Amino acid sequence: MTILAYLIPISLFMGGLGLAFFVYTVRSNQYDDPEGDSRRILSDEYDDHPKP
Amino acid sequence: MSGNMRPTPSACPACAAAPSAERLAEEAAAHVSAQIALSLPTIHCSACISKVEKALNAHPGVKSARVNLTLKRASIEAESDITAADMKTLVEALGYEAHELDPGTLNATANDRAGRELLMRLAVAGFASMNVMLLSVSVWSGAAEATRDLFHWLSAAIALPTIAFSGQPFFRNAWAALSNRQLNMDVPITLAIVLAVVTSLWETALSGAHAYFDAALALTFFLLAGRYLDHRTRAIARSAAEELTALEVPRAIRLRDGEEETVNISELAVGDLVLVRPGGRMPVDGEIVAGTSEIDRSLLTGETLPVFAGEGQGVSAGEVNLTGPLTIRASAVGADTSLHRMADLVAIAESGRSRYTSLADKAAKLYAPGVHILSALAFVGWYLYTFDVRTALNIAAAVLIITCPCALGLAVPAVTTAASGRLFRRGMLIKHETALERLAEVDTVVFDKTGTLTAGTPELTNMAELPRRDIELALALAEGSSHPLAQAITRAARDAGFAPARVSDVTERPGFGTSAMHAGQEVRLGRASWTGADGLAETATFLSRGGGDAPRAFIFADRLREGAAEAVESLKEAGKTVYLMSGDTTPAVEALAARLGIERWMAEALPADKAERIQALTAGGAKVLMVGDGLNDTAALAAAHVSISPASALDAARVASDIVLLGSDLSPIAAACDTARSATRRIRENFNIATVYNVVAVPLAIAGFATPLIAALAMSASSITVSLNALRLR
């Protein structure tokens, strides 16, 4: 049963990591345009460099 | 994005203490950049996105442009000298429909903070309930003694902070209800969650076998899911409704010392001179000081015939200027205009929707006291039987958890989300939360005429009776004018293959008509009094050919709106009584009623008449659906059991109605009644499912046989059944 001493913290940590990422995605407006984002992935233009 | 790239103006550390420099710089930045929002109703694919964005970003002066496909909207940040009209023509050149939106109106909904907060709470509850469920499964599958206690303590450590965070919406609502000495659905929910956590903690401290942490969390999760669905449906409706409002950019042209300046309507003051161009809507009440024209008052009174407007005549906000530019001296602005006063009266009037109790409220009224009594009885009964507070409390908690309205909380939102989404795709926007339920009960439909059953554009009806020569002459005169009747003549004559007669010196006299020289004689096309004809009851324009001939009448009827005939027919087929009520003249209304096969009609109705007639119908036991668009309909829209207005309606009418038709087609109305009926049926079925599950599980809980496993199974099973049943909606 000593394995629990590792497994429980690990599983909690990984779940918490997922939650933290989710919080980040909500905070950075990633659910504002779900339909557009699902289409943008098909476009071969990158828009991660905003116009100067 | 560009905000991050801006160099900080306060470079020295000491300046950080004086943030005014930065604020000044920010204000300056706000001055040089303009926020422009465009509505793009026809974009639909990734190619559309990149095409529009590329074109907009390539335009000099545009800092950044981003298309949102979900909202079908483009937001542009640009230099201050770029106007929305430039951007609109740019996008239209690509072949997409574009409309300017008022960013001020949109900003109110830009950040859906409440929705985001709910989503966050939902995510935390989901995360915690999955983790606790994992621990609970090990307990149910045989973990004992110290291991079980460890798992229970871990569950408690996850559950307590989660419930403190995620349960807040329920706690707040319950507290609000209790402090008003009322019971709502959130009171038993809060009690169940709190009691479950407290008894579980107690059990855990005494190393007992049963802890309900997973149940408390699953409860929170399912209920939050219902709340979130509910919120989303309403947020989508609200943002679409606000987009409709934002389409009318509130701007007016003010004349100051002979100079034209474009200002916001809110900046206008009494006594200002306002210029209204042909096609524009009057922004204020006032008096015409210069110019002659014709004005269309159909949105206010329902009459289709344009009215002559000349110097000294009064105009009201909301009327549309048709032919010539008018200068108006404002006598009432903003909230003092007659348009606003009438709209406010409607808001005060008691409306059908406030009298209606939703199915969910009815269920809650039965449910909330029932649950409390049941669980209190279980506690008292078991206490008297065993004299053990711990057992009695455990069983009372189990009863509360098992009866807790997971399924009830999902029953209504799951169905309304599915139904609203379906209707939205067909072009109907459900604005009010109980609109669907009320629509399902409708047995009588009242239509307004102008702008609702008819499109508000005239159509030439007597072309077959007119001699060829007259039509050609009229076409020649009409072609130069933007008046709706002239355009109708042009359209009809061109479609029939006529060519214009040869005329010279075509001049338009705003408010009267068009004149020209033909074969050495003056010919005129226009108002009866100007062409020397006797007026007719129908909408008509007259052609005088000079010489001694009597003027020739061109008679028009309002063109039917797309789908109007189908809508009336299918509503009648469905066994509903159809009425037509209009402020227009008797012959016009009678003709339309005959054309659509509506037997019951009422003409020359004042706004109060319409509302009274609807109240009389309601008093006679009818559930009335009112479909109307004008200011003269708003009182009737508010008085009816449920109301629909087209997107072209006046803002006040759209606010008063429960459902907005987004397209120009009327045919979805009949289909919407069917969808509403099947949605209500699904809601009732869902209530039955929830009840059946309670009937099975509650005796188990009261008898003391309920375990956390049974509670979890029953709760999940009923919530999933209810959601699946909602998806069956066709």
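The values are calculated or read from the model by the stated rules, or taken from the named source; none is laboratory data. All values reported here derive from a predicted model rather than from experimental measurement. Ideal geometry is used to build each Cβ from the backbone, glycine not excepted, and the neighbour counts take in all protein chains shown.
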Residues located in region B:336-388, provided they are at pLDDT 85 or above, more than 24 Å from B:Met185 (Cα to Cα) and crowded, with 16+ Cβ neighbours inside 10 Å:
B:Trp382, B:Tyr383
In the list B:Ala464, B:Ala411, B:Ala407, which residue meets the criterion of being free of Cβ contacts under 8 Å to residues at least 40 places away in the same chain and more than 30 Å from B:Leu244 (Cα to Cα)?
B:Ala464
Note on B:Ala672: of the conditions (1) crowded, with 17+ Cβ neighbours inside 10 Å; (2) farther than 18 Å from B:Met626 by Cβ, unmet is (2)
I'm trying to understand the selection: among the residues of region A:1-31, which are more than 7 Å from chain B (Cβ to nearest Cβ), closer than 30 Å to B:Ser64 by Cβ, at pLDDT below 85 and surrounded by 10 or more Cβ atoms within 10 Å (Cβ to Cβ)?
A:Arg27, A:Asn29, A:Gln30, A:Tyr31
Residue set B:Ala564, B:Ala603, B:Ala593; condition under 28 Å from the mean Cα position of the chain (by Cα) and of a type in the set (Gly, Ala, Ser); output residue B:Ala564
Based on what the data block shows, is B:Ser716 farther than 24 Å from B:Glu437 by Cα, part of a loop (DSSP other than H, G, I, E, B) and hydroxyl-bearing (Ser, Thr, Tyr)?
no
Whether any residue in region B:212-226 is surrounded by fewer than 19 Cβ atoms within 10 Å (Cβ to Cβ), of a type in the set (A, V, I, L, M, F, W, C) and over 20 Å from A:Phe22 (Cα atoms) is what I want to check.
no
So, B:Val624, is that one modelled with pLDDT of 85 or more and of a type outside the set (Ser, Thr, Tyr) or not?
yes
So if I check each of B:Phe424, B:Phe512, B:Phe447, which one is among the aromatic types (Phe, Trp, Tyr) and surrounded by fewer than 17 Cβ atoms within 10 Å (Cβ to Cβ)?
B:Phe424
Answer yes or no as to whether B:Asp149 is over 30 Å from A:Tyr6 (Cβ atoms), assigned to a helix (DSSP H, G or I), over 26 Å from the mean Cα position of the chain (by Cα) and charged (D, E, K, R).
no
I'd like to know if region B:541-548 contains one or more residues that are surrounded by fewer than 17 Cβ atoms within 10 Å (Cβ to Cβ), closer than 28 Å to B:Phe447 by Cβ and not assigned by TED's automatic domain parsing to the domain that holds B:Lys449.
no
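Conditions (1) crowded, with 17+ Cβ neighbours inside 10 Å; (2) at pLDDT below 85, marked per residue:
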position	(1), (2)
B:Ser648	yes, yes
B:Ala652	yes, yes
B:Ser664	no, yes
B:Pro668	yes, no
B:Asn688	no, no
B:Phe705	no, yes
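Per-residue answers, yes or no, for (1) within 26 Å of B:Gln313 (Cβ to Cβ); (2) of a type in the set (Gly, Ala, Ser); (3) under 39 Å from the mean Cα position of the chain (by Cα):
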residue	(1), (2), (3)
B:Asn462	no, no, no
B:Ser482	yes, yes, yes
B:Ala486	yes, yes, yes
B:Ile489	no, no, yes
B:Ala501	no, yes, no
B:Leu536	yes, no, no
Condition check: in contact (Cβ under 8 Å) with a residue 24 or more places away in the chain and outside the structural domain of B:Arg341 (by TED's automatic domain parsing). Does B:Ala603 satisfy that?
no
Which one of these is farther than 20 Å from B:Ala398 by Cα, away from chain A (no Cβ under 14 Å) and under 34 Å from the mean Cα position of the chain (by Cα): B:Ala176, B:Ala123?
B:Ala176
